[in-house]
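As structure tokens, the structure follows; a few thoughts come after it.
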Amino acid sequence: MKIIEARDYDHMSRQAANIISAQVILKPASVLGLATGSSPIGAYRQLIDWYGKGDIDFSAVRTVNLDEYVGLGPEDSQSYAHFMRVHLFDHVNIRRENTHIPDGLNDDAQAECRRYDEIIASLGGIDLQLLGLGPNGHIGFNEPSRSFAKGTHKVELSPATVEANRRFFGPGRQVPGYAYTMGICDIMQARRVVMVVSGSHKAAIVRDAFLGPVTPEVPASILQLHRDFTLVADRESLSLL
Ligand code: F6R
């Protein structure tokens with residue numbers, strides 16, 4: 001495990017964007033596993049900037065997102081499909097047919113999860129998986145539990161996650177209770193994993209995940225065992241490490 005200590009959110013974002021950009025420059029047809037939430041937005045902004053300057057080309061890149069809320073379609077402003085268009089896809093030359101996100105409107109959970117794992121397999125696996133860190137240690141929506149879920153699955157979001165994500169939903173809108181998420185095995189099989197974390201509110205969970213024991217009660221702790229894992233984190237989030 002490598003740790004890159006960044007000064008602040010912007011520095012963290014540029015460091016992560018540098019790693020992603022190097023990946024795409026070295027392998028233009030890379031399969032990128034992508035995340036939503038506030039942590040990766042700055043990295044996406046930086047990639048868009050470099051794309052605008054002609055420094056990075058997404059025309060051959062394929063992407064698979066970590067997760068999607070069950071019940072939200074791509075046109076819903078709170079869906080992760082919408083998030084990805086707004087924060088990255090609409091601003092770079094990625095081909096829409098090369099982007100993949102679980103279909104939140106498919107209510108046949110088993111079929112949807114199988115379909116998604118088949119997509120990941122058909123792409124030859126993930127070259128670089130970008131992650132954020134949930135306040136309870138979740139990665140994707142792999143919530144704390146008694147065992148590590150392997151492949152894509154439907155998950156009931158924990159009260160802590162629903163609470164943490166409420167800030168993205170307007171007043172009067174409920175945070176969905178379920179999501180489809182890649183499993184721990186999908187994430188661990190990525191050839192390289194990069195996590196972006198910032199803020200003092202993440203310091204305790206960063207400590208538990210990376211200094212504590214490997215346990216499904218803190219799903220991110222499994223990354224201690226990944227052969228190419230880089231934590232790009234700002235000083236505040238590393239303050240207890
Ligand atoms: C998002 C995802 C989540 C977030 C995590 C942190 O696709 O899978 O695991 O990465 O909840 O969210 P932020 O970055 O908003 O603190």
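Things to note:
- Model label sites at Ala111 and Ile25, defined 7 Å from Cα along the beta-carbon direction, differ in position by 4.5 nm.
- Note, ³J(HN,Hα) from phi for segment 19-32, Karplus 6.51, -1.76, 1.60, rounded to Hz, x at Gly and Pro: 5, 5, 5, 4, 4, 6, 5, 6, 9, x, 9, 4, 9, 9
- Anisotropy class of segment 82-173 from Cα gyration tensor, a/c 1.5 cut: oblate
- Interchain or long-range residues, amide H under 5 Å from Val64's placed H: Leu32, Gly33, Leu34, His100
- Calculated FRET efficiency, Asp49 to Ile119, Cβ-Cβ distance, R0 = 41 Å: about 0.90 to the nearest 0.05.
- Model label points for Gln224 and Val86, set 7 angstrom from Cα along the Cα-to-Cβ axis, are 3.7 nm apart.
- A dipole drawn for segment 1-139 from +1 and -1 charges on Cβ atoms has a positive end, and of Ala22, Ile119, Leu88 the residue lying farthest that way is Ala22.
- The modelled label-to-label distance for the pair Phe168/Leu211, using points 7 Å beyond Cα in the direction of Cβ, is 3.0 nm.
- Remark: Ser158, Ser145 ranked as Ser145, Ser158, counting other beta-carbon atoms within 10 Å and listing the fewest first.
All of the numbers you see were taken from the coordinates with simple rules; none came from a lab. Here the structure is a predicted model, which is why all the values come from computation and not from measurement. Ideal geometry is used to build each Cβ from the backbone, glycine not excepted, and the neighbour counts take in all protein chains shown.
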